[in-house]
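Undergrad: This is the structure I want to talk about, given as structure tokens.
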Amino acid sequence: MNAHQWLELAVYIAALVLVTRPLGLYLNHVLNPAGRTWLDPVLRPLEKLTYRVLGVDATKEHDWKQYAFAMLIFSLVSCLFTYAILRLQNFLPLNPQHFGALSSHLAFNTAVSFTTNTNWQSYGGENTMSYLSQMVALAIHNFFSAAVGIAIAAALVRGIARHTAQTIGNFWVDLTRIMYYLLLPICLVLALFFVSQGMIQNFKPYTTAKLIEPQTVSVQKTDASGKPVVDAKGGPVMENQTLDTQTIVQGPMASQIAIKMLGTNGGGYTNANAAHPFENPTPLSNFLQMLALLCIGSALTYHLGRETKNQKHGWAVWSAMFAMFLAGVLVCWWAEAKGNPIHQQLGVAVADGNMEGKEVRFGILDSALFATVTTDASCGAVNSMHDSFTPLGGLVPLFNIQTGEVIFGGVGAGLYGMLIFVVLTVFIAGLMVGRTPEYLGKKIEAYDVKMVLLAFVILAFIILGFTAWASVSNWGTSSLANQGPHGLSEMLYAYTSGAGNNGSAFAGLNANTPWYDTTLGVDMLLGRFGMIVPLLALAGSLARKKIVPAGAGTFPVTGLTFVVLLVGTVILVGALTFLPALTLGPIVEHFLMLKGNLF
Amino acid sequence: MSTNSVSIFEPRILVPAIGDAFLKLNPRLMVKNPVMFVTLVGAVISTVDAFRSPGQTLFVAQIALWLWFTVLFANFAEAVAEGRGKAQAKALRQTRTRTNANKLNARGSIESVDADSLRKGDVVLVRTNEIIPADGEIISGAATVDESAITGESAPVIREAGGDRSAVTGGTRVLSDEIKIRITANPGEGFLDRMIQLVEGASRQKTPNEIALTILLAALTVVFLLAVITLKPFGIYSGVNFSDVVLISLLVCLIPTTIGGLLSAIGIAGMDRLLQRNVLAMSGRAVEAAGDVDVLLLDKTGTITLGNRQAVAFLPASGVTEPEVADAAQLASLADETPEGRSVVVLAKNFGIRARAIHELPGARFVPFTAQTRMSGVDFEGRQIRKGAAEAVRKFLGGSLPLEVEHAVENVSRSGGTPLVVATHERALGVIHLKDIVKGGLADRFKRFRAMGIRTVMITGDNQLTAAAIAQEAGVDDFLAEAKPEDKLALIRQEQQGGRMIAMIGDGTNDAPALAQADVGVAMNTGTQAAKEAGNMVDLDSNPTKLLEIIEIGKQLLITRGALTTFSIANDVAKYFAIIPAMLMVTFPVIAPLNVMHLHSPDSAILSAVIFNALIIIALIPLALRGVKFRPLGAVEILRRNLLIYGVGGVILPFVGIKLIDLVVAGLHLA
């Protein structure tokens, strides 16, 4: 934790603050069908053409049911499309490595994963996916799922800002405008910049390079059928293998990485994700990727303030997110910098802390910051292996996800997730000012509470339910690379990550089994749509209400008290729900580590 | 009401409540409260377990016992809250003796019938010392009526046909005279019946906010149920076998039993507090709405000012002395029996003029006020002395008033007073300054309301000038001058259009539409039947300033709910720190540092948490029933204060409480 690293953190924070207002203002124009942007001369005709081709009446708005229906249909169709490509990729072009079709469960898991903006990957991209699959089946969802997320947030914000209204916007218009005016232009610029940093963008087959120094490694001997050979005592039989060549991944990487970060998708082109030198070539690209991750989530809070004509509220929500972000970074960074006490006792500790599973190029801060940012943003891209973090360092990403991805969060999802907590906070604490709870002038009544809690209960149900099921099933435990509390953390992390539509993995879990693929697929689906549909219902209900003008007796949704209250609710509700499970996982593990036990 | 002075914590309330607490264990009642129902199920399972866990019988039995206590304590809280209402209902029932009524039949003859056979539209005759058989409207006559059965006020009130004081209530007694009444309520639907039902809480329904809060509590219960049930498989994976009773203990400690147990008691107590102030709320919804009120509509007369104007000064014309004006003014007012007239006589005494009786003035001819002359006065010793509005006197004197009198008239008007000009047939003598007397302490009260974000609007028939002056003196935020009854309704609609909630108090028939439209409409008990039916509250004291108290009680009710919800959830932190380490200590001794309270043993830790969880309900009953102390502050200030007490306090208190209980449990070797 040296001065140089502190400075980098400060620069990152400053950049995040600076980008929030301008991008928020821009978003405001994008999310308003009548809004004007400087891209209008180029994109407006295209936008109109799109509506004509799709047969969309851009002037007609949807009520919440129509909006939800359009969103669900769109997601279903695009999900089936991806499933079809993945199942048929061996017959399709742009497959120089001649990869075979994906198994049905992996294709289901992957299609769902990308549709839900989770980007959980039960596969290694470079040895599974053809270029067509990467570019069409997957990258397209990076855009679509991000746009859907932002659209839902926009609809909810409309619901909050409008009064005595029946409609919350037009899904197709929102989707189109977000794609054309927001995601595509920024991604184009980002991709070009990444290429300038050394990221690749081509359709060449993988290159085989001859190693200058052949390396000898000791690997477990396998018999003809691929099974490991064991000696008389049951121990593994080792043999030496000499490696003199290396396969170097190629492909259209830059175009996919830009949206992977900006759309908080996180699905890596390669299995090593952002730790791969091609996917994340320089410290500058690393910095920009982290900024791209949080910028839309951050700007959406500004949009919220702008739309509701209460900019202070927008900043209050931002501050709550920021406070949790900063706390997460500092704890994670501190835990990793402090390192592993057992390594230190053995004298194998790196001076700089726990470097296991981290890229030497990035070091402790950039890894801890990236881990925090990516789990805050429900992204899932990683530049280090969270599984190798110290228990407390690893608890931060896990906890970030379990708070419901509300710390800036996935694009759109972060805001609508946080608004669940805002409504919950207003409802619980709002009574304490002596009025029935109201949020920005809208009375929060039984129906609204029901919808908010429905979203919340669904999340808790799938995370705890699936993890519990896996933890006592053969299919669950046989995929674990580690036993004991760490194994529990791996399972808990997987289902949390899926339900939170994060997609990052605590490496060490072999998730590409029919059981895991399927349960995680369901987990992701419910985590996404089980939350969105009640939230759209909430948006519809809020839009219909009258607005009570604010006065001295109104519950304050701005200022320090509210920020503290909101953070308290997020942490308390998150902690209360998951603490028992966390205790048996990372917390026990932490204490065991202090006593010298590792898993 | 006679039972008003009963403290809630008197044996005659508490003792029956203990029995009721057991009666309320009926699962069909319990299921309406999801939190306590889960606790009840937990209690049943642990009781069964106590017989099936040989080595652990004492521990399990103790847990089971405390879980039963938790449920019973919550039931007890509700029973106590209902207690006073039940006692009051009993008292009211006793007043409802069987009575006979003198029914006037179609031929005009009187027949004696059973009061229970009366139907709407029947006409009855009630004579001195008879009980009015049912609610009705006086169609002829006037009488003094003893309404103490309902209001607790022993002074009789006057009820007369026509106007706003024509309504009578069944069960009250006529003390003098005789009246003819048209019955307006069928048996069992009268005011007294409704009052008994309301007081007893028989028809109590959950209010909107209570329903929403119950949903929150149910959802939290489901989430904790998930968290605890999944611990079983997690335990199996980790090689720990959590016993049922430990999991149940954790569950009951985590689900919001504190607020779940006290929620309905808080609501009942809120209505009860209103009742103690002699306000009858027709529904809990109205009490809740009172907390939300943004705008108060207050009639000037009776609410902001004392009912009558009083003379405060004599302003002489040039060449006339003050005593001369006073003398003439008194003479002109001697026969004026209105409060204004009497106040002139009283004020004149300050100028050494003793009050004269009319018979002391031989030959005096009194001129009463008429709508034509709009003056009153006396013809005495050749002088025609008159007092009246400036315009009328101007006409009387042939068209003009001296300049300084005109000035005085204007000044008095501008200051919010009413000028009366005193004149003889020859010339104007001066001006009497009649002033509206603003009730004491109101400005302060309105200031408190302003701090809470509530706007006060005064409604008056006065002209703009007068209204503005009084509004300023009283400290209201706004006023509606020259208001007609329909203006009130229009104003309410307009404010509601803007999303605001309106409270008003009224009595007359022409108030009924506005009372019905307002979110909180308080009808005065002296008011008409129409007004009483239109409003959602009835003030038995008929005191217009009561509205202010009603709002404070509404707010207090909501704050109490919010505070205890926050407290209940905040409590969970400490309970985690007590129970989770205790559950894991045996298998993972390394987590000892998590036992921050250094509790004696795993068993004592769990038992202590369960005991704390039960006792806190009992400890908070007084707070739930009396309500959190309400301070008239802005929302930010109130929130900060309550968060500190119930949020932060809610996190810290159980750490201390559980530790203390653990010391006792360990000391007594209970676990």
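The values are calculated or read from the model by the stated rules, or taken from the named source; none is laboratory data. None of the values given here were measured: they were computed from a predicted structure. Methodologically, a virtual Cβ is constructed for each residue, glycine included, from the backbone with ideal geometry; neighbour enumeration extends over all protein chains shown.
Undergrad: Does A:Gly465 satisfy the criteria of being in a loop (DSSP other than H, G, I, E, B), closer than 30 Å to B:Tyr237 by Cβ and within 13 Å of chain B (Cβ to nearest Cβ)?
TA: On the way: in a loop (DSSP other than H, G, I, E, B): no; closer than 30 Å to B:Tyr237 by Cβ: yes; within 13 Å of chain B (Cβ to nearest Cβ): yes.
The answer is no for A:Gly465.
Undergrad: Right, here's the next one. From A:Thr164, A:Thr128, A:Thr176, which residue is of a type in the set (S, T, N, Q), without any contact (Cβ under 8 Å) to a residue 40 or more places away in the chain and in the same structural domain as A:Asn95 (by TED's automatic domain parsing)? Let's see the steps before the verdict.
TA: Values: A:Thr164 fails: without any contact (Cβ under 8 Å) to a residue 40 or more places away in the chain; A:Thr176 fails: without any contact (Cβ under 8 Å) to a residue 40 or more places away in the chain.
Answer to the check: A:Thr128.
Undergrad: Taking the criterion of being within 14 Å of chain A (Cβ to nearest Cβ), of a type in the set (Gly, Ala, Ser) and over 18 Å from the mean Cα position of the chain (by Cα), would at least one residue in region B:328-339 satisfy it? Working first, answer last.
TA: In the first step, residues of region B:328-339 are kept if they are within 14 Å of chain A (Cβ to nearest Cβ); the result is none.
There is no residue in region B:328-339 that is within 14 Å of chain A (Cβ to nearest Cβ), of a type in the set (Gly, Ala, Ser) and over 18 Å from the mean Cα position of the chain (by Cα).
Undergrad: Sticking with this structure for a sec: Restricting attention to helices (runs of 4 or more DSSP H) lying wholly within region A:133-222, give those where 2 or more residues are in contact with a Phe, Trp or Tyr (Cβ under 6 Å, 6 or more places away or on another chain) and at pLDDT 95 or above. Lay out the reasoning, then the answer.
TA: Details: elements: A:139-161, A:171-177, A:184-196.
Because the criterion is at least 2 residues that are in contact with a Phe, Trp or Tyr (Cβ under 6 Å, 6 or more places away or on another chain) and at pLDDT 95 or above, the helices (runs of 4 or more DSSP H) in region A:133-222 that meet it are A:139-161.
Undergrad: Among the residues of region B:211-227 satisfying the criterion of being buried (at least 20 other Cβ atoms within 10 Å of the Cβ) and more than 7 Å from chain A (Cβ to nearest Cβ), which is nearest to B:Val41 (Cα to Cα)?
TA: The extreme case among them is B:Thr221.
Undergrad: Another question, if that's okay. Looking at this structure, is A:Phe456 aromatic (Phe, Trp, Tyr) and away from every other protein chain (no Cβ under 14 Å)?
TA: Numbers: aromatic (Phe, Trp, Tyr): yes; away from every other protein chain (no Cβ under 14 Å): no.
So A:Phe456 does not fit the description; no.
Undergrad: Spot the failing condition for A:Arg435; the list is (1) within 9 Å of chain B (Cβ to nearest Cβ); (2) surrounded by fewer than 24 Cβ atoms within 10 Å (Cβ to Cβ); (3) part of a loop (DSSP other than H, G, I, E, B); (4) not acidic (Asp, Glu), and only one is missed.
TA: It fails just one condition, (2).
Undergrad: Shifting gears a bit: Taking B:Met537 and the conditions (1) within 9 Å of chain A (Cβ to nearest Cβ); (2) crowded, with 24+ Cβ neighbours inside 10 Å, which numbered condition does it fall short on, given that it satisfies the others?
TA: All conditions are met except number (1).
Undergrad: Something else: Tally up the residues in region A:29-59 that are free of Cβ contacts under 8 Å to residues at least 24 places away in the same chain and aromatic (Phe, Trp, Tyr), please.
TA: Residues that pass the stated criteria total 1.
Undergrad: Do the conditions hold for A:Phe99, that is, is it over 30 Å from A:Gln250 (Cα atoms) and either free of Cβ contacts under 8 Å to residues at least 24 places away in the same chain or of a type in the set (Phe, Trp, Tyr) (or both)?
TA: no
Conditions tested, residue by residue: (1) modelled with pLDDT under 80; (2) under 22 Å from B:Ala290 (Cα atoms); (3) acidic (Asp, Glu); (4) in a helix (DSSP H, G or I).
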position	(1), (2), (3), (4)
B:Val174	no, no, no, no
B:Ile181	no, no, no, no
B:Ala185	no, no, no, no
B:Leu198	yes, yes, no, yes
B:Lys206	no, yes, no, no
B:Glu210	no, yes, yes, yes
B:Leu217	no, no, no, yes
B:Phe224	no, no, no, yes
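Undergrad: Any residue that is polar (S, T, N, Q), within 30 Å of B:Val320 (Cα to Cα) and in contact with a helix residue (DSSP H, G or I) (Cβ under 8 Å, 6 or more places away or on another chain) - is there at least one of those in region B:403-417?
TA: Yes.
Undergrad: Going by the conditions given, is B:Val422 crowded, with 20+ Cβ neighbours inside 10 Å and either over 44 Å from the mean Cα position of the chain (by Cα) or on the phi > 0 side of the Ramachandran plot (or both)?
TA: Here the answer is yes, as B:Val422 does meet what is asked.
Undergrad: From the residues in region B:292-327 that are closer than 20 Å to B:Ser413 by Cα, surrounded by fewer than 22 Cβ atoms within 10 Å (Cβ to Cβ) and among the β-branched types (Val, Ile, Thr), which one is farthest from the other protein chains (Cβ to nearest Cβ)?
TA: Among those that are closer than 20 Å to B:Ser413 by Cα, surrounded by fewer than 22 Cβ atoms within 10 Å (Cβ to Cβ) and among the β-branched types (Val, Ile, Thr), it is B:Val312.
Undergrad: Any chance you could count how many residues in region B:490-529 are more than 14 Å from chain A (Cβ to nearest Cβ), under 30 Å from B:Ile183 (Cβ atoms), surrounded by 24 or more Cβ atoms within 10 Å (Cβ to Cβ) and of a type outside the set (Asp, Glu)?
TA: Applying the first criterion (more than 14 Å from chain A (Cβ to nearest Cβ)) to region B:490-529 yields B:490-492, B:504-518, B:521-529.
Still in the running and under 30 Å from B:Ile183 (Cβ atoms): B:504-518, B:521-529.
So of that shortlist, the ones also surrounded by 24 or more Cβ atoms within 10 Å (Cβ to Cβ) come out as B:504-507, B:511-512, B:514-515, B:518, B:521-525, B:527.
Subsequent filtering for residues that are of a type outside the set (Asp, Glu) retains B:504-506, B:512, B:514-515, B:518, B:521-525, B:527.
Residues that pass the stated criteria total 13.
Undergrad: Need pairs with beta-carbon distance below 6 Å; first residue among the β-branched types (Val, Ile, Thr) and within region B:233-257, second surrounded by fewer than 24 Cβ atoms within 10 Å (Cβ to Cβ) and not in a helix (DSSP H, G or I); sequence gap 6+ or separate chains.
TA: If the second residue must be surrounded by fewer than 24 Cβ atoms within 10 Å (Cβ to Cβ) and not in a helix (DSSP H, G or I), the pairs left are B:Ile236/A:Val472; B:Val240/B:Thr587.
Undergrad: Ok, one more. Can you pull out every residue in region B:432-464 that is touching an Asp or Glu at 6+ places or on another chain (Cβ under 9 Å), at pLDDT below 85 and within 30 Å of B:Leu331 (Cα to Cα)?
TA: Scanning region B:432-464 gives B:Asp436, B:Val438, B:Gly461, B:Asp462, B:Asn463.
Undergrad: Consider B:Lys659 against the criteria (1) closer than 26 Å to B:Phe9 by Cα; (2) out of contact with any helix residue (DSSP H, G or I) (no Cβ under 6 Å at 6 or more places or on another chain): it satisfies all of them except one. Which criterion is unmet?
TA: Failed condition: (1).
Condition check ((1) farther than 26 Å from B:Met501 by Cα; (2) more than 10 Å from chain B (Cβ to nearest Cβ); (3) among the aliphatic types (A, V, I, L, M); (4) surrounded by fewer than 24 Cβ atoms within 10 Å (Cβ to Cβ)) across all residues:
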position	(1), (2), (3), (4)
A:Pro534	yes, yes, no, yes
A:Pro549	no, no, no, yes
A:Phe562	no, no, no, no
A:Thr577	yes, no, no, no
A:Gly585	yes, no, no, no
A:His590	yes, no, no, yes
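Undergrad: Can you find, within region A:382-396, the residue that is farthest from the chain's Cα centre (by Cα) among those that are part of a helix (DSSP H, G or I), farther than 18 Å from A:Thr583 by Cβ and not charged (D, E, K, R)?
TA: For region A:382-396, the residue satisfying everything is A:Ser388.
Undergrad: Looking only at residues in region B:557-570 that are within 8 Å of another protein chain (Cβ to nearest Cβ) and surrounded by 24 or more Cβ atoms within 10 Å (Cβ to Cβ), which one is farthest from B:Ala503 (Cα to Cα)?
TA: So the residue we want is B:Ile569.
Undergrad: Taking region A:18-72 as the region of interest, how many residues are in contact with a His (Cβ under 6 Å, 6 or more places away or on another chain) and among the β-branched types (Val, Ile, Thr)?
TA: 1
Undergrad: Another question about this same structure. Which residues, counting only those in region B:627-667, are in contact with a Phe, Trp or Tyr (Cβ under 6 Å, 6 or more places away or on another chain) and within 11 Å of another protein chain (Cβ to nearest Cβ)?
TA: Answer for region B:627-667, where residues must be in contact with a Phe, Trp or Tyr (Cβ under 6 Å, 6 or more places away or on another chain) and within 11 Å of another protein chain (Cβ to nearest Cβ): B:Ala635, B:Tyr646, B:Gly650.
Undergrad: State which residue is farthest from B:Arg365 (Cα to Cα) when the search covers only region B:387-419 and only residues that are touching a residue at least 40 places away in the same chain (Cβ under 8 Å) and over 47 Å from the mean Cα position of the chain (by Cα).
TA: Across region B:387-419, the extreme among qualifying residues is B:Glu404.
Undergrad: Out of (1) surrounded by fewer than 17 Cβ atoms within 10 Å (Cβ to Cβ); (2) in contact with a Ser or Thr (Cβ under 6 Å, 6 or more places away or on another chain), what's the single condition that is false for A:Asn109?
TA: (1)
Undergrad: Report yes if some residue within region B:578-595 is within 12 Å of chain A (Cβ to nearest Cβ), in contact with a Lys or Arg (Cβ under 6 Å, 6 or more places away or on another chain) and without any contact (Cβ under 8 Å) to a residue 60 or more places away in the chain; otherwise report no.
TA: Yes: one or more hits.
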